[in-house]
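Engineer: My questions will all concern the structure given below.
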Amino acid sequence: EVDDSPLFIYSIRMRLLTPEDGEEYMSPEQRGFRMCQLRSRHWKISKKAPNRDEPSVQEVRGDGVVGYYPLLVEGGYVRYYSSDEGLVCLGEFPGCFRYQSCTEADESGTMEGFLQFSPGNMISPTGPAFNVRVAPFPLEYPQFLY
């Protein structure tokens, strides 16, 4: 059976800043870690219902993102994937870790949330877990489609 429901597709990028990023950069000593690993996500999806004053809100929580647990280092990341045997290292890559996902496009709205990281890595954290806020972004249809 083919599911032909419309979807909002979004892309998320994450990385540790480098000295080239200027004033926003914090050294490993300032931030308290040299690397950090994504543990989980928490999304809040608010959609405008056509016949209601208040938007409907759906919260989604889960481990990793689309099966991945990237370990961020300055200048790149190490990609880990969750398998039946545990986390499997898929290699080290330069640049930003990127992933795409989707949510139902039954109504327009916004999406926002938090990504939770462990300083160091998940197996041997070097400090308490911390959250990184993902600012709200729109879930809307463009004015025109190709």
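Engineer: Using the basic label-point model (7 angstrom from Cα toward the beta carbon), what is the Asn131 to Asp106 distance in nanometres?
Structural biologist: 2.6 nm
Engineer: Another one. Less than 19 Å from a label point 7 Å out along the Cα-to-Cβ axis of Lys44: which backbone N atoms in region 110-133 qualify, by residue?
Structural biologist: Answer for region 110-133: 110-117, 130-133.
Engineer: Under a 5 Å amide H to amide H cut-off, with H placed in plane at 1.01 Å, what residues pair with Ser108 once short-range neighbours are removed?
Structural biologist: Lys48
Engineer: If each residue of separation counts as 0.36 nm, what is the full-extension length gain between Cys89 and Val73 once their alpha-carbon separation is subtracted? Each step should come with its number before you reach the end.
Structural biologist: Working: separation 16, 0.36 × 16 = 5.76 nm, distance 1.46 nm.
Taking Cys89 through Val73 to full extension adds about 4.3 nm, to one decimal.
Engineer: Quick one: pull the percent of accessible area on the chain belonging to carbon and sulfur, 1.4 Å probe, ligands and nucleic acids left out. Display every interim value, and only then the final one.
Structural biologist: Values: 4840 of 9780 Å².
Of the solvent-accessible surface of the chain, carbon and sulfur hold 49 percent.
Engineer: What list of ³J(HN,Hα) couplings, whole Hz, do you get for region 95-108 from phi and the Karplus terms 6.51, -1.76, 1.60, once you set θ to phi - 60° and write x for glycine and proline?
Structural biologist: Each residue's phi maps through the Karplus curve to give x, 8, 7, 10, 8, 10, 8, 8, 9, 4, 9, 6, 8, 6 Hz.
Engineer: In square nanometres, what is one fourth of the surface area of the convex hull spanned by the alpha carbons of the chain? Mind showing how you got there, number by number?
Structural biologist: Working: hull surface 50.4 nm².
Result: 12.6 nm².
Engineer: When the distances between all Cα atoms of region 1-56 are binned every 5 Å from zero, what whole-number percent does each bin get?
Structural biologist: Bins of 5 Å from zero give 4, 10, 13, 14, 13, 12, 9, 9, 9, 6, 1 percent of pairs.
Engineer: Using a Gaussian network model on the chain with a 10 Å cutoff between Cα atoms, which of Glu92, Glu54, Glu112 fluctuates the most?
Structural biologist: Glu54
Engineer: Using helices alone, I'd like the mean residue ellipticity at 222 nm for the chain: each DSSP H run of four-plus residues gives -39500 (n - 2.57), total over residue count, nearest 500.
Structural biologist: Taking each H run of at least 4 residues, the total per residue is -500 deg cm²/dmol.
The values are calculated or read from the model by the stated rules, or taken from the named source; none is laboratory data. What you see is a predicted model; the values in this text were computed from it and never measured. Note that each Cβ is placed from the backbone with ideal geometry, even for glycine, and that neighbours are counted across all protein chains shown. Please note that ligands, DNA and RNA were not included when accessible areas were found on the heavy atoms of the full protein model with its side chains. Shrake-Rupley method; radii C 1.70, N 1.55, O 1.52, S 1.80 Å.
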